1. Out of the residues in region 118-144 that are assigned to a helix (DSSP H, G or I) and in contact (Cβ under 8 Å) with a residue 60 or more places away in the chain, state the one that is farthest from residue 180 (Cα to Cα).
2. Which ones in region 72-101 are farther than 11 Å from residue 60 by Cα and within 13 Å of the chain's Cα centre (by Cα)?
3. Determine the pairs where a residue that is at positive phi and modelled with pLDDT under 95, located within region 94-117, has a partner that is assigned to a helix (DSSP H, G or I) and surrounded by fewer than 18 Cβ atoms within 10 Å (Cβ to Cβ) with Cβ atoms under 8 Å apart, the partner being 6 or more residues away or on another chain.
4. Only residues that are buried (at least 16 other Cβ atoms within 10 Å of the Cβ) and either in a helix (DSSP H, G or I) or within 14 Å of the chain's Cα centre (by Cα) (or both): list them for region 168-179, please.
5. When both residues are 6+ apart or on different chains and their Cβ atoms are under 6 Å apart, which pairs have a first residue that lies in region 38-58 and is in a helix (DSSP H, G or I), and a second that is surrounded by fewer than 18 Cβ atoms within 10 Å (Cβ to Cβ)?
């Protein structure tokens, strides 16, 4: 159960109704601080809608963060969103295999993106070797967008965990199909 009440549009001042344009549990908690919600949604919106980084690679990186953090909310939401950007069921299974140290059939760039996300999540920073490998395949703008994506979603999973935000019923099926590791 969330640590704050889930706000609805009826709880908000007219100038803040836009905060719930996407009426999900995360936004219903963030709406308690309209300025923070706008800033949070601003970077999240850039990452999803305006970054020119390949959407499939972006979503694989986000899924990697959610999987490592064992964040049911983030992971379930981005299984769905990832599929909208070209992530396949076999990609998700391959991400799990890569995380567990097993090989996969993913292409080399996707494997490197996942490794970078693991390094930033587990070790705070991407290694020089991984960064150099990504630099061979991504423009500086795309590489920076990837780093910001991984960093942002590491922040997101911490907000979700601290605020104890619940997974909406319509997203639970993704956790059944692609379970998170058991602690």
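The values are calculated or read from the model by the stated rules, or taken from the named source; none is laboratory data. Predicted, not measured: the structure shown is a model, and the values here were computed from it. FYI the Cβ positions are ideal-geometry reconstructions off the backbone, even for glycines, and counts take in every protein chain you see.
1. Our first condition is that a residue be assigned to a helix (DSSP H, G or I); within region 118-144, this holds for 118-123, 128-135, 140-144.
Adding the requirement that they be in contact (Cβ under 8 Å) with a residue 60 or more places away in the chain leaves 141-142.
Values: 141: 31, 142: 28 Å.
In this case the residue turns out to be 141.
2. 72, 73, 74, 76, 77, 80
3. none
4. In the first step, residues of region 168-179 are kept if they are buried (at least 16 other Cβ atoms within 10 Å of the Cβ); the result is 171, 174, 178.
Answer for region 168-179, where residues must be buried (at least 16 other Cβ atoms within 10 Å of the Cβ) and either in a helix (DSSP H, G or I) or within 14 Å of the chain's Cα centre (by Cα) (or both): 171, 174.
5. From residues that are in a helix (DSSP H, G or I), the pairs are 43/152; 55/85; 56/85; 56/86.
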